[in-house]
Amino acid sequence: MKLHRFYPIFLLMIFNSCEKPKAKKLEITEVSSYHAATDSPAISLKDSALIRQKTKLSVKKQFDWFGNYSCNFLRMKEESGDLRGWGMIYINLKRESATFKLDSYIEQISEELIILNQNESEIILSLKNQKDYTFIIHKKENKYFLKSNYIEKVVGEKENYLLIKK
């Protein structure tokens, strides 16, 4: 008699252990949520994977500018032999923030930047609080050049700076 009570419980345990893996449920949910958001006809799993792959490629291309840029420049022309005559420019571009730093014997400046526009060969940044001061980084044959009306105002000379990307 005890065996008859145990047998249905045993079958129920076996049946519950044969459920589909949770990962497949997540993938199906993701596809159905994409379908609901676009109001388009049903999308196959293959099409969904292709859409996700294309999205990742376009995001990667857009974020090609992220990194650390730096250069040194002669700040005081009359003091070229003295280390204090030189200055450093640092630009740090991250996904969530961008910063500009200028360190020299005369000044130490640190400013937050925002991205105004970007394409494959050029990115345009500006000061966060003063959008009329711009920083343009131009890429030409794996070399990066910086031009900025803000640096012109601070340093007093119009110049293009060769940046090193790290």
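Points to keep in mind about this one:
- Solvent exposure of the range 70-166 as accessible area per residue, Å², 1.4 Å probe: 63 Å²
- Rolling a 1.4 angstrom probe over the range 53-166 with all protein chains present gives an accessible area of which 48% lies on carbon and sulfur atoms.
- The largest accessible area among 150, 105 belongs to the first residue in 105, 150, and the rest follow in falling order (1.4 Å probe, all chains).
- Extension gain for residue 79 to residue 116 (0.36 nm times residue separation, less C-alpha to C-alpha distance): 9.7 nm.
- Across 77/139; 77/165; 101/140; 140/165, pairs whose alpha-carbon gap is larger than 20 Å: 77/139; 77/165; 101/140
The values are calculated or read from the model by the stated rules, or taken from the named source; none is laboratory data. Keep in mind the model is a prediction, meaning the values are calculated, not measured. The area values use the complete protein model at the heavy-atom level, side chains included, leaving out ligands, DNA and RNA. Shrake-Rupley method; radii C 1.70, N 1.55, O 1.52, S 1.80 Å.
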